[in-house]
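So the structure is just underneath, and the comments pick up after that.
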Amino acid sequence: MASDSTFDVVSKVDSQEVANAMNQAQKEIVQRYDFKGIGAEVDFSGEKILMKANSEERVNAVLDVFQSKLVKRGISLKSLEAGEPFASGKEYRIEASIKEGIAQDVAKKINKLIRDEAPKGVKSTIQGDELRVSSKSRDDLQATMALLRDFEEADLQFVNFR
């Protein structure tokens, strides 16, 4: 009897790559002429990434620099959750965070998508912040992977393909 083949759907971000992107963004902000004298900076404080500048346009430009560095490091912008600029004293700030794991509501949407669109023999179960997808046919699993690559709401990776 053939056993089921499986793979896990996860959403993980390499924290070292995020730190490298942040360091590159800090260096660029210090060196760029249009950021001179406006107090622009990017800091990592615990779980949050904090961007500061003296105007709303400049803080959005700092966010843009950080996003470009993330993309160059191979980190999807779907993993970055940035808030709206808000005034804090004389400066504007944006708080952002990196999403890790698949949230329950997103996992349910993925589960429904697999049930509705994937080949018939494919089953999926939610296991904490990841999904396990199983089927007797490896070809069906690969078709399911191709289906999930187009999923818009989260940056998904596939691991433990057996």
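The values are calculated or read from the model by the stated rules, or taken from the named source; none is laboratory data. Computed from a predicted structure; not experimentally measured. So basically every Cβ, Gly included, is an ideal-geometry build from the backbone, and we count neighbours across all protein chains shown. Please note that ligands, DNA and RNA were not included when accessible areas were found on the heavy atoms of the full protein model with its side chains. Shrake-Rupley method; radii C 1.70, N 1.55, O 1.52, S 1.80 Å.
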### Query
For K52, what accessible area in Å² do you get when you roll a 1.4 Å probe over the heavy atoms of the protein chains, rounding to the nearest 10?
40 Å²
### Query
Between K123 and D139, what length in nm is gained on full extension when 0.36 nm per residue of separation is reduced by their alpha carbon distance?
4.4 nm
### Message
Keeping all protein chains in the complex and leaving out DNA, RNA and ligands, what accessible area do you get for K12 with a 1.4 Å probe, in Å² to the nearest 10?
### Response
120 Å²
### Message
Give me the mean projected area, in nm² to one decimal, of the convex hull enclosing the Cα positions of region 15-84.
### Response
4.5 nm²
### Task
Take every Cα-Cα pair in region 89-137 and report what % of them are more than 18 Å apart.
46 percent
### Query
Which value, in Å² and to the nearest 10, is the accessible area of D34 when all protein chains are kept and the probe is 1.4 Å?
60 Å²
### Summary
Using the Kirkwood radius over Cα pairs of region 1-123, the Stokes-Einstein translational diffusion coefficient at 4 °C and 1.567 mPa s, in µm²/s and rounded to a whole number, is 78 µm²/s
### Query
Per-residue ellipticity at 222 nm for the chain, helices alone: DSSP H runs ≥ 4 residues times -39500 (n - 2.57), over residue total, nearest 500 deg cm²/dmol?
-12000 deg cm²/dmol
### Task
Can you tell me the FRET efficiency between D4 and L50 if r is taken as the Cβ-Cβ distance and R0 is 41 Å, rounded to the nearest 0.05?
0.35
